[in-house]
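Laboratory data are not the source of any read-out in this text; all were calculated from the coordinates shown. Note that this is a predicted model, so its numbers are computed, not measured. Neighbour counts are summed over all protein chains in view; Cβ atoms, including those assigned to glycine, are modelled from backbone coordinates with ideal geometry.
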Amino acid sequence: MRQHLLLELLRRPLGFAALVLLVLMYLAAIFASFLAPYPPAEQSLDHAFHPPTGLYWEDGRVWVRIYENADPAAGRWVPSGEAFPLAWFASGYPYRLFGLIPADTHLFQPATDDPAHRVYLLGSDTTGRDVFTRLLYGARISLSIGLIGISITMVMGFLVGGLAGYFGGRVDFWAMRLVEFLMAIPGLYLLLALRATLAPNFESAQMYILIVIILAAIGWAGTARIIRGLSLSLRNRPFVMAAECMGQSTLKILTKHILPNLTSYLLVAATLSIPAYILGEAALSFLGLGIQEPSASWGLMLSQAQEDMKVFMLGFWWLLSPGAAIFVTVIAFNVLGDALRDIVDPRMKL
Amino acid sequence: MLSFIIRRCLTAVPLLLAIALLVFLLMYLAPGDFLTAARADRDTPRELVAQLEREFGLDEPWYVQYALWLGNLWPIGWNENAAHWWNRFEIDMDLGFSWSYKVPVVDLLATRIPATLLLSFTSIVFAWSIAIPLGVLAAIHKDSLFDRISALLAYAALSIPEFFLAVLAVFFAARSGWFPTGGLTSIEYEFLSPVGKFLDIAYHLILPTVVLGASMIAGMMRIMRANFLDYLRAEFVNTARAKGLPEGVVMFKHVLRNAINPLITAFGFAFSSLLSGALLVENIMNYPGLGQLVYDALLKQDQFVVMASVMMGALMLMLGNLLADLLLAWSDPRIRLESAA
């Protein structure tokens, strides 16, 4: 089944490209500390709103242009005409790979001793932090929340929906009332109300878990409803009846007979609904209720970009790059989900 | 039809009560309340705080507070002092008092809900008026260059987060200076003629409408295209063509009328995401609607405002779904509402 899926996916260039892109992005998130030239919270107040540095190739090395602050009030930087080279696989700030292995090798570092010479691939923000670095570290949060959130949702949706559909009757009735109840409140309103209840200030790690739980608590309702419909139709199929006659336990019937028949649906639904979690986290962080400083997440970075208003008035367009990152991720998930659906069942309505 | 509407309204009541209870509990469990700032303020006398606590029933257990709130909500009052007995009934809905705005919540909602409804309405009209023709064109010219480009654009529009689009729109407005960067009215609004007022609001509505409508267009266009294609292959279309009906009549009278149904059903769902999207867009574009209100109120723990706003959001959602069902029945006479309930 799995091999067949991959083979089919290979035949759809767009879907396969989306898969490759996503794998690359997740790899970048995992190896963020290796790819990033600076620590995510390192400030350099002399380099506020530094534009993306120009790169050029000469003598077999990559050179980075040096900029001068021509007009500090307007945040205008101009190239000074000088440049410094980049060193590959150089040692920089220490970190722990996978959170375990201590290391200090980075993909690239400026090969100068002058700390004022910094490389900003995507410019810098208000306090001179490297946007590229923060984008990579933000990807850890923004990308993983989708995966974890969707796993919780799918498990809950399967348990509630599957049980409701299988048992029917009173269980079904009350489960569906609960689902309707959750779906009757506009999603973001409920999200905000839940968020307000749970202590205002958490540490980043706790906040992360909190956001995942809140998003999953709201998200499972829709999934449960569809799974209920599917398991309702599976319940009367001969193989389920046979299993019942043989006296198999309910749990076993659910996991061994009903679940395998739902996997393809679950896979497609999961792929297509991961964007909702990424967007949900971004929206919460954007509103200042999610991930807090100095941690980075894409929504938080966008909200800072918006708060400054300098983005609008002075045109620091590079501060909007997290929005582009969200856009690319979401579009990749949508394309992949559509391709998977076409493979699994072209008539499936999602 | 009427019995259907009544039944739907009746089933909505317990749901609304449950939502109110949930939001109430959430607000109750949240640390602090709307008097926290007053308590921390040294200039506010203790007695005043204590008196306010008593007045708002904050010293009571939560179920008493909830009952008090519900009791005040009951809209039909009895006024002993009225001149005639038929005047003694009075309609007065007390949703509480907004601590941060210092006005009754009802007054606050009365200005905010129309603004949000207006924005939702213009966005839906905008989305439909673009999505339907585009979807039809894409279906008629299936696999053409236009079809491919519109599919690509639909993907892009589906994937761009609303709040990012809103930020981009503000960016665009600020850079180009063609559009206002926020608000619903200009400063000189009060001095404008009625026509000028209308134009002023319309001018301010353009960007929020486009931002909010853009993501809907994509979804609706895809639904429209898929349905149109389904019905294009139907037998009755062959029959219509065989009868020698002009192609325009076949397309619009036979195919479009059938294909449009799911769009109307999607209206209910669209309304739900519209309210959530409006919350973000309103906050970014500084649009004085319900979403901005609920966000502010949550930050300030303005309990009654939050409860009323969430309730109103849920109510609007339910009414939207009801409206969608009624519209569907009106557009498609085959649908029987009684069985649909």
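Its Kirkwood hydrodynamic radius, worked out from the mean inverse distance over all distinct Cα pairs, puts the stretch A:42-155 at 16.1 Å. Compared with the dominant principal axis of the Cα atoms in chain B, helix B:194-232 is inclined by about 50°. If you build a Gaussian network model of chain B, linking Cα atoms that sit under 10 Å apart, which residue out of B:PHE191, B:PHE163, B:PHE126 swings the most? Maximum fluctuation in the GNM of chain B, among the listed residues, is at B:PHE191.
The mean sequence distance of close C-alpha pairs (under 8 Å, at least 6 residues apart), as a share of the length of chain B, puts its relative contact order at 23 percent. The simple Förster model, with R0 at 51 Å and r as the Cβ-Cβ distance, assigns B:LEU16 and A:ASP59 a FRET efficiency of 0.10. Grab the other residues whose beta carbon is less than 15 angstrom from that of B:LEU134, score K and R as +1, D and E as -1, and report the net. Summing Lys/Arg as +1 and Asp/Glu as -1 gives +3. Legend: helices of chain A (whole DSSP H runs) are marked when their alpha-carbon atoms reach 27 angstrom or more along the helix axis and their mean Kyte-Doolittle hydropathy is at least -1.0; marked are A:131-167, A:204-235, A:259-286, A:321-344.
Mean-square fluctuations from a GNM of chain A, with a 10 angstrom spring cutoff on Cα atoms, peak among A:ARG177, A:ARG129, A:ARG118 at A:ARG177.
Other protein chain C-beta atoms within 10 Å of residue C-beta, averaged over B:272-279: 5. Near the amide H of A:ALA83, within less than 5 Å, lie the amide hydrogens of A:ILE66, all on another chain or at least 5 residues away, with H placed in the peptide plane.
Placing one equal scatterer on every Cα of chain B and applying the Debye formula, the log10 ratio I(q)/I(0) at q = 0.07 Å⁻¹ is -0.42. Between A:TRP77 and A:ALA70, the built amide H atoms are under 5 Å apart, and every one of these is 5 or more places off in sequence or on another chain.
With the contact rule set at Cα under 8 Å and sequence spacing of 6 or more, what percent relative contact order holds for chain A?
Computed value for chain A: 21 percent relative contact order.
Principal-axis analysis of the Cα atoms of chain B puts helix B:2-29 at an angle of about 50° to the longest axis. Dividing the C-alpha radius of gyration of chain A by 2.2 N^0.38 Å, with N its residue count, gives 1.20. Ranking B:SER272, B:SER215, B:LEU256 by Cα position along the charge dipole of chain B, where only Lys, Arg, Asp and Glu carry charges on their C-beta atoms, puts B:LEU256 farthest toward the positive end. A convex hull fitted around the alpha carbon atoms of the protein assembly as shown yields 254 Å³ per residue.
From most to least packed by mean Cβ count within 10 Å, the peptides B:132-140, A:5-13, B:300-308 give B:300-308, B:132-140, A:5-13. Structure remark: mean-square fluctuation, Gaussian network model of chain A, C-alpha springs under 10 Å; the largest value among A:HIS117, A:HIS106, A:HIS50 belongs to A:HIS117. The distance from the alpha carbon centre of the stretch B:118-139 to that of the stretch A:51-91 is 47 Å, rounded to a whole number. Summing charges over all other residues whose Cβ lies under 15 Å from the Cβ of A:ILE141, with Lys and Arg as +1 and Asp and Glu as -1, gives -1. Computed from the C-beta positions of A:ALA324 and A:SER204 and an R0 of 41 Å, the FRET efficiency is 0.95 to the nearest 0.05. Summing Lys and Arg as +1 and Asp and Glu as -1 over all other residues whose Cβ lies under 10 Å from the Cβ of A:ALA18 gives a net charge of 0. Residues whose amide H lies under 5 Å from that of B:PHE97, counting only those 5 or more places away or on a different chain, are B:VAL105; hydrogens are built 1.01 Å from N in the peptide plane.
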